[in-house]
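Structure, as structure tokens:
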Amino acid sequence: MAPIIRAEILTIGDEILFGQITDTNTQWIGSQLTDIGIRPVRKTSVGDNKADILDAFSAASQRVNVIIVTGGLGPTRDDITKHTFCEYFGTELEINQEALELITAFFAKRGRAMTELNIQQAALPKNCTYIPNLWGTAPGMWFEKDDVIYVSLPGVPYEMKSLMEFEILPRLKSRFVSNIIQHKSVRTIGIGESFLAETIAPWEDVLPEHIKLAYLPHFGQVKLRLTGTGTVQARLDADLAEQVALLMPYIEEWVFGFDTDELETVIGSLLVQHNATVGTAESCTGGFVANQITSVPGASQYFQGSVVSYSNEVKINVLGVSPQTLEAFGAVSEQTAREMAEGARKVLNTTFAISTTGIAGPDGGTAEKPVGTVWIACATPEETFTQLLTLRNNRKINIELTASYALNLLRKTILKTNLAVKG
């Protein structure tokens with residue numbers, strides 16, 4: 001087994017800490033490092049403060065082999081990364097002629113004059129290895145000290161990604177002989193994280209040492225991520241496949257997919273496979289279920305439309321829900337959900353229809369039907385299936401959870417409905 005090469009990703013900029021921009025760079029960098037066998041072990045975000053950045057450099061150097069730094073390389077005074085590197089390494093800035101020529105050509109190609117600030121972007125710490133940036137004006141930099149590699153990249157995502165892909169990753173691959181890191185994910189829904197952990201404990205207790213397990217919950221779903229480490233790709237793939245096969249008997253009823261599968265893409269594939277169509281009748285979700293379904297390219301093959309029946313009048317006049325049903329049981333009831341789904345299937349002329357009706361919150365609940373009470377239904381040509389959800393007090397979470405559970409009810413209904421599969 002090769003030694004584990006550890007990396008830390010350091011983002012610099014007040015705008016990240018203030019919440020003014022979302023840090024998407026770290027996620028992408030982490031995935032790219034993993035693909036070449038380098039294990040990201042920490043992410044650190046630091047504001048535009050020299051002392052804090054120096055502390056971050058020093059701390060990271062004690063725990064990792066590679067430090068990837070993004071941000072702070074612009075031409076303005078608040079971009080202090082280069083000056084901080086100079087202080088950290090005990091050096092000074094000097095104009096790098098190759099960088100200056102590239103920046104000059106960059107502006108000339110666009111018919112723009114260079115300012116002194118633009119020229120100063122070619123000023124780099126003397127001890128760095130210059131990494132050309134063909135996609136912008138902020139050069140990349142590579143430093144080495146006490147067996148630790150420091151890489152400084154611009155924060156602009158497309159510039160950073162291009163430098164990583166064409167310059168940094170090849171250099172890191174040639175520098176280190178590292179293990180292969182391989183992920184395999186099993187996607188579950190309808191089972192809570194703690195209950196899932198108890199259910200698979202006998203399997204988890206005997207996992208091989210080179211395979212680790214992580215639980216990743218999200219809106220009614222739990223992703224089980226197996227991460228294997230090894231030196232031979234084929235063997236590692238076989239080991240992960242074996243562990244998934246051993247896991248499945250414990251949780252098969254809750255598994256809807258693997259790796260990058262999403263619930264809506266799995267449903268789309270099932271509907272196409274069975275030459276079936278679907279529509280929605282939504283009250284508390286306000287069209288969010290339809291939005292999830294239509295987020296999949298090609299959804300027009302199987303999605304007919306949606307009725308957002310927020311009012312009782314629309315439930316009655318468009319979906320055909322009985323006024324007596326609403327009077328006797330209320331809008332949030334099994335009976336109303338059933339009639340909404342059945343009405344939508346007729347109005348939209350679909351194989352399946354799913355409905356949602358509930359109290360999303362934060363108000364509107366009663367002692368009998370508190371906030372978070374939701375009924376969902378799925379109508380087929382033969383019968384209608386219903387399910388009661390008891391959710392939370394958060395409106396946004398309730399809408400997303402309801403959509404997730406409604407889609408899963410559709411998935412399970414398709415699987416047990418007797419439909420011919422397209423030849």
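The values are calculated or read from the model by the stated rules, or taken from the named source; none is laboratory data. Please read these numbers as outputs of a predicted model, since none were measured by experiment. Cβ coordinates were reconstructed from backbone atoms using ideal geometry, including for glycine residues, and neighbour counts include every protein chain displayed. Heads up: the accessible areas ignore ligands, DNA and RNA and are worked out on the full protein's heavy atoms, side chains in. Shrake-Rupley method; radii C 1.70, N 1.55, O 1.52, S 1.80 Å.
Screening ALA113, ALA122 for residues that are aliphatic (A, V, I, L, M), over 30 Å from the mean Cα position of the chain (by Cα) and open to solvent by 60 Å² or more (accessible area, probe 1.4 Å) leaves exactly one candidate, ALA113. The residues in region 320-374 that are surrounded by fewer than 20 Cβ atoms within 10 Å (Cβ to Cβ), β-branched (Val, Ile, Thr) and in a helix (DSSP H, G or I) can be counted, and the count is 2. Within region 150-162, residues that are within 13 Å of PHE85 (Cα to Cα) have Cβ atoms under 6 Å from residues that are among the hydrophobic types (A, V, I, L, M, F, W, C) and part of a helix (DSSP H, G or I) in these pairs: VAL151/ILE168; LEU153/MET160; LEU153/LEU163, counting only partners at least 6 apart in sequence or on another chain.
The set of residues in region 16-52 being under 24 Å from SER162 (Cβ atoms) and assigned to a helix (DSSP H, G or I) consists of ILE16, ASN25, THR26, GLN27, TRP28, ILE29, GLY30, SER31, GLN32, LEU33, THR34, ASP35.
Inclusion of ARG392 among residues that are in contact (Cβ under 8 Å) with a residue 60 or more places away in the chain and either of a type in the set (Gly, Ala, Ser) or touching a helix residue (DSSP H, G or I) at 6+ places or on another chain (Cβ under 7 Å) (or both) is not warranted.
Candidates are the residues of region 331-370 that are touching a residue at least 24 places away in the same chain (Cβ under 8 Å) and out of contact with any strand residue (DSSP E or B) (no Cβ under 9 Å at 6 or more places or on another chain); the one that is farthest from THR280 (Cα to Cα) is PRO362. For region 154-179, give me each residue that is open to solvent by 40 Å² or more (accessible area, probe 1.4 Å) and over 30 Å from THR137 (Cα atoms). If the condition is that a residue be open to solvent by 40 Å² or more (accessible area, probe 1.4 Å) and over 30 Å from THR137 (Cα atoms), then VAL177 is the only one that fits.
Cβ separations smaller than 9 Å between residues 6+ apart or across chains give the following pairs from region 104-127 residues that are under 21 Å from ARG77 (Cβ atoms) to residues that are acidic (Asp, Glu) and surrounded by 11 or more Cβ atoms within 10 Å (Cβ to Cβ): ALA122/GLU98; ALA122/GLU101; ALA123/GLU94; LEU124/GLU94; PRO125/GLU92; PRO125/GLU94. For region 150-191, a tally of residues being within 30 Å of ALA234 (Cβ to Cβ) and among the β-branched types (Val, Ile, Thr) returns 6.
Of everything in region 189-215 that's over 19 Å from GLU252 (Cβ atoms) and in contact (Cβ under 8 Å) with a residue 12 or more places away in the chain, which residue is least open to solvent (accessible area, probe 1.4 Å)? Filtering first and then ranking leaves ILE211.
Could you say which residue among ASN393, ASN418 is open to solvent by 20 Å² or more (accessible area, probe 1.4 Å), in contact with a Pro (Cβ under 8 Å, 6 or more places away or on another chain), outside any helix (DSSP H, G or I) and over 22 Å from THR265 (Cβ atoms)?
On the way: ASN418 fails: in contact with a Pro (Cβ under 8 Å, 6 or more places away or on another chain).
Answer to the selection: ASN393.
Would region 85-96 turn up any residue that is surrounded by 15 or more Cβ atoms within 10 Å (Cβ to Cβ), out of contact with any helix residue (DSSP H, G or I) (no Cβ under 7 Å at 6 or more places or on another chain) and farther than 29 Å from THR115 by Cβ? Reasoning before the result, please.
Residues of region 85-96 that are surrounded by 15 or more Cβ atoms within 10 Å (Cβ to Cβ), as a first pass: 85-89, 91, 93, 96.
Now restrict to residues that are out of contact with any helix residue (DSSP H, G or I) (no Cβ under 7 Å at 6 or more places or on another chain): 85-86, 89, 91, 96.
Narrowing the set further to residues that are farther than 29 Å from THR115 by Cβ leaves none.
Scanning region 85-96, I find no residue that is surrounded by 15 or more Cβ atoms within 10 Å (Cβ to Cβ), out of contact with any helix residue (DSSP H, G or I) (no Cβ under 7 Å at 6 or more places or on another chain) and farther than 29 Å from THR115 by Cβ, so the answer is no.
Remark: pairs (first residue in region 84-97, within 12 Å of LEU124 (Cβ to Cβ); second residue among the polar types (S, T, N, Q) and outside any strand (DSSP E or B); Cβ separation under 9 Å; 6+ apart in sequence or on different chains) = PHE85/THR91; PHE85/ASN127; CYS86/ASN127; PHE89/ASN127; THR91/ASN127; LEU93/GLN120; ILE95/GLN120.
Restricted to region 27-38, and to residues that are open to solvent by less than 20 Å² (accessible area, probe 1.4 Å) and at pLDDT 90 or above, which residue is farthest from GLN233 (Cα to Cα)? Full working, then the answer.
Narrowing region 27-38 to residues open to solvent by less than 20 Å² (accessible area, probe 1.4 Å): 29-30, 33-34, 37-38.
Okay, now just the ones that are also at pLDDT 90 or above, so 29-30, 33-34, 38.
Values: ILE29: 22, GLY30: 20, LEU33: 16, THR34: 14, ILE38: 15 Å.
Result: ILE29.
Exactly one residue out of VAL244, VAL222, VAL266 is open to solvent by less than 70 Å² (accessible area, probe 1.4 Å), more than 26 Å from PRO381 (Cα to Cα), of a type outside the set (Phe, Trp, Tyr) and under 21 Å from the mean Cα position of the chain (by Cα): that is VAL222. For region 402-415, which residues satisfy the criterion of being open to solvent by less than 10 Å² (accessible area, probe 1.4 Å) and out of contact with any helix residue (DSSP H, G or I) (no Cβ under 7 Å at 6 or more places or on another chain)? Within region 402-415, THR402, THR413 meet the criteria. Considering only region 279-305, state which residues are open to solvent by less than 50 Å² (accessible area, probe 1.4 Å) and not in a loop (DSSP other than H, G, I, E, B). GLY279, THR280, ALA281, GLU282, VAL289, ALA290, GLN292, ILE293, ALA299, PHE303, GLY305 - these are the residues of region 279-305 that are open to solvent by less than 50 Å² (accessible area, probe 1.4 Å) and not in a loop (DSSP other than H, G, I, E, B).
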